[in-house]
Amino acid sequence: DTGVSQDPRHKITKRGQNVTFRCDPISEHNRLYWYRQTLGQGPEFLTYFQNEAQLEKSRLLSDRFSAERPKGSFSTLEIQRTEQGDSAMYLCASSLADGGPNTEAFFGQGTRLTVV
Amino acid sequence: GNSVTQMEGPVTLSEEAFLTINCTYTATGYPSLFWYVQYPGEGLQLLLKATKADDKGSNKGFEATYRKETTSFHLEKGSVQVSDSAVYFCALSLPGKLIFGQGTELSVKP
């Protein structure tokens, strides 16, 4: 296992289009997280799953955003009717649950979305 | 609320200089604290962590001490190298998530 992988690495889309990103976590990790990072800022939490259950969603995750983890393995993040403000790096991370709050999260390289 | 504040970058140093990147936090309870590093073109990697007050995390010559009285977790290294050039993020943990600072870019010149 080579770590958390995300696909695609880059996506350019026109405003109003739908996009979907995929994340494959480290195989034995049952927690999976999505973050968004804009230029010059730190990652902001969007949502996380434990196995297939989505346990928390940030207020940042508007109704146009939906995330799934159907079999508790890979996850998808879909953005409907994209807006220019959605342009950002979308990061996925995974970890074991639960070594407690200090359990290390491993991050993928991210998907950079540009909405034109 | 819970938040992390880091010193603004970019920080530019000469090789072998001493590094300090300040990080302060606001949190309810007693979170664990982390430093993550992002090298150019790579994903975030955990650099070091501390789980309780007065703990010192260390890795690759970097150190940070969890100071509850000053709510700080400053990152230090005695002698930086060109290969340390990266963006450094301070973070605190809450159940199910990490709260990150805005990042501090470090550039080390030969």
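Numbers for the structure displayed
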quantity: FRET efficiency, 1/(1 + (r/R0)^6) with R0 30 Å, evaluated for A:LYS71 and B:SER14 via beta carbons; calculated: 0.05
quantity: Unit charges at the beta carbon, dipole of chain B: most positive-side option, B:VAL82, B:PRO40, B:THR65; calculated: B:THR65
quantity: Sparse-neighbourhood loop sites, GluC sites (Glu not before Pro) in the range A:30-65 - DSSP loop, at most 16 other Cβ within 10 angstrom; calculated: A:GLU52
quantity: Size of charge dipole - chain A - debye, nearest 20, with Cβ of Lys, Arg +1 and Asp, Glu -1, no other charges; calculated: 540 debye
quantity: Zero-based 5 Å bins, Cα pair distances in the range B:13-55, whole percents; calculated: 5, 15, 19, 23, 19, 12, 6, 1
quantity: Binned Cα-Cα distance frequencies in the range B:1-77 - 10 Å width, integer %; calculated: 17, 51, 28, 4
quantity: Per-bin percent of Cα-Cα distances, the protein assembly as shown [5 Å]; calculated: 1, 7, 15, 18, 18, 16, 12, 7, 4, 1, 0
quantity: GNM top mover of A:LEU91, A:LEU61, A:LEU46 - chain A, alpha-carbon springs below 10 Å; calculated: A:LEU61
quantity: Chains B and A, summed buried accessible surface - 1.4 Å probe, Å², nearest 100; calculated: 1500 Å²
quantity: Loop sites in the range B:38-89: GluC sites (Glu not before Pro), DSSP, at most 11 other Cβ within 10 Å; calculated: B:GLU69
quantity: Cβ-placed point charges (K, R +1; D, E -1), dipole of chain B about Cα centre in debye, nearest 20; calculated: 340 debye
quantity: Where labels lie 7 Å past Cα in the beta-carbon direction, separation of A:ARG9 and B:SER58 in nm; calculated: 3.6 nm
quantity: Burial of 30 Å² or greater, the range A:35-51 residues [accessible area, probe 1.4 Å, versus chain by itself]; calculated: A:TYR35, A:GLN37, A:GLY42, A:PRO43, A:PHE45
quantity: Those lysines that a straight Cα-Cα span of less than 20 Å connects to B:LYS52, excepting residues fewer than 8 apart in one chain; calculated: B:LYS68, B:LYS97
quantity: Length-normalised contact order of chain A in % [C-alpha pairs under 8 Å, at least 6 apart]; calculated: 36 percent
quantity: Ellipsoid semi-axes in whole angstrom, largest first, where each is sqrt(5λ) of the Cα gyration tensor of chain A; calculated: 23, 14, 13
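The values are calculated or read from the model by the stated rules, or taken from the named source; none is laboratory data. Nothing here was measured: the structure is a model prediction, and the numbers come from that model. Positions of Cβ are backbone-derived with ideal geometry, glycine not excepted, and every protein chain shown enters the neighbour counts. These accessible areas exclude ligands, DNA and RNA; they are computed on the full protein's heavy atoms, side chains included. Shrake-Rupley method; radii C 1.70, N 1.55, O 1.52, S 1.80 Å.
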